[in-house]
1. Does Asp82 meet the test of being over 25 Å from Gln23 (Cβ atoms), over 15 Å from the mean Cα position of the chain (by Cα) and among the acidic types (Asp, Glu)?
2. Filter the stretch 126-168 for residues that are among the polar types (S, T, N, Q), under 11 Å from the mean Cα position of the chain (by Cα) and either surrounded by fewer than 24 Cβ atoms within 10 Å (Cβ to Cβ) or within 11 Å of Arg179 (Cα to Cα) (or both) and give the result.
3. Any idea which of Val35, Val17, Val25 is under 28 Å from Leu216 (Cβ atoms), outside any loop (DSSP other than H, G, I, E, B), under 19 Å from the mean Cα position of the chain (by Cα) and free of Cβ contacts under 8 Å to residues at least 60 places away in the same chain?
4. Looking only at the stretch 193-219, count every residue that is at pLDDT below 95 and either over 24 Å from Ala8 (Cβ atoms) or basic (Lys, Arg) (or both) and tell me the total.
5. Tally up the residues in the stretch 1-58 that are among the acidic types (Asp, Glu) and either within 26 Å of Ile245 (Cα to Cα) or modelled with pLDDT under 95 (or both), please.
6. Here are some residues: Thr224, Thr237. Which one is at pLDDT 95 or above and under 27 Å from Leu114 (Cα atoms)?
7. Tell me yes or no: at least one residue of the stretch 180-192 is surrounded by fewer than 20 Cβ atoms within 10 Å (Cβ to Cβ), in contact with an Asp or Glu (Cβ under 8 Å, 6 or more places away or on another chain) and either modelled with pLDDT under 95 or not polar (S, T, N, Q) (or both).
8. Return the pairs, sorted by first residue and then second, in which the second residue is surrounded by fewer than 22 Cβ atoms within 10 Å (Cβ to Cβ) and β-branched (Val, Ile, Thr), the first residue lies in the stretch 168-180 and is within 13 Å of Pro149 (Cα to Cα), the beta carbons are less than 9 Å apart, and the residues are 6+ apart or on different chains.
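The values are calculated or read from the model by the stated rules, or taken from the named source; none is laboratory data. Only a predicted model underlies this, so the values are computations on that prediction, with no experimental measurement involved. Using ideal geometry, Cβ is built from the backbone for each residue, glycine included, and neighbour counts are taken over all protein chains shown.
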Amino acid sequence: MPVIGGRAHNIEQIHEVGKFGYQYVEISLLEPDEVRGQIDELMKLREKYGLYYLAHYPNEGNPFDLNELGGRFIPKMRKLIDLTKKLGIPKGTIHFWIDKRWAPAQMISAKIALLSDLVSYAMDKDVVICIENLTERYDSFTAAFDAIPDLKMTMDIGHGELLSSRNTSFGFAEHVFDRIEHVHVHDNNGGKGVQDDLHLALGDGKVDYPAILSILKKKDYNSTITMEVKPADMPRTKKNVENFIF
């Protein structure tokens, strides 16, 4: 059965989400030094609210700069994965843009090689890496999935509504369902840019959640679903998710 949790961007929001009694909270692990300084408090909050954490890693920066990615981002990610292990976190979401409609094939191949090394490093720490769809459609992920057997996916249903006439989640659910290890839910009204990624409560936008979540239900999806909405919007968002997937 799927497990529904909430997103927290900082310590204060962990308190807000923890009070709802959800089984887990998806937390931001962005800078290694900052996370190290928070470990004791994070451990105490985990015990206080009786929950576990999932990880949400930082943006990669310039997705076209391979030198920066290999020289800065990947080493930082290794440090964050070490801290993920220390916090007992089983999986984390990574942003690593590989949309073949705009990214050169040679660059995508190089990024897949970097990602492969990172996934192997994480697996040695018992951490599952889930690549999140940004603008990508399912066919942009197939090369990475073919090359990296242990790579999983965070299907962000809200992102799927942007830059697409039909939500891309339908394609992911149909073609790469076996790689979907985690799901993000939030609503919007479509659009073409970051400014349209509104992270509204379910029902406040136009994303066809009844249809998309019904597909996951039919396919027996039984992993985690994070509500990427404001803590105040989580109770009614959770009810909508439960109505469509249980």
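1. no
2. Answer for the stretch 126-168, where residues must be among the polar types (S, T, N, Q), under 11 Å from the mean Cα position of the chain (by Cα) and either surrounded by fewer than 24 Cβ atoms within 10 Å (Cβ to Cβ) or within 11 Å of Arg179 (Cα to Cα) (or both): just Thr154.
3. Numbers: Val35 fails: under 28 Å from Leu216 (Cβ atoms); Val17 fails: free of Cβ contacts under 8 Å to residues at least 60 places away in the same chain.
The unique qualifying residue is Val25.
4. 1
5. Selection size over the stretch 1-58: 2.
6. Result: Thr224 is the single residue among Thr224, Thr237 that is at pLDDT 95 or above and under 27 Å from Leu114 (Cα atoms).
7. Within the stretch 180-192, one or more residues are surrounded by fewer than 20 Cβ atoms within 10 Å (Cβ to Cβ), in contact with an Asp or Glu (Cβ under 8 Å, 6 or more places away or on another chain) and either modelled with pLDDT under 95 or not polar (S, T, N, Q) (or both).
8. So the pair list comes out as Val176/Thr142.
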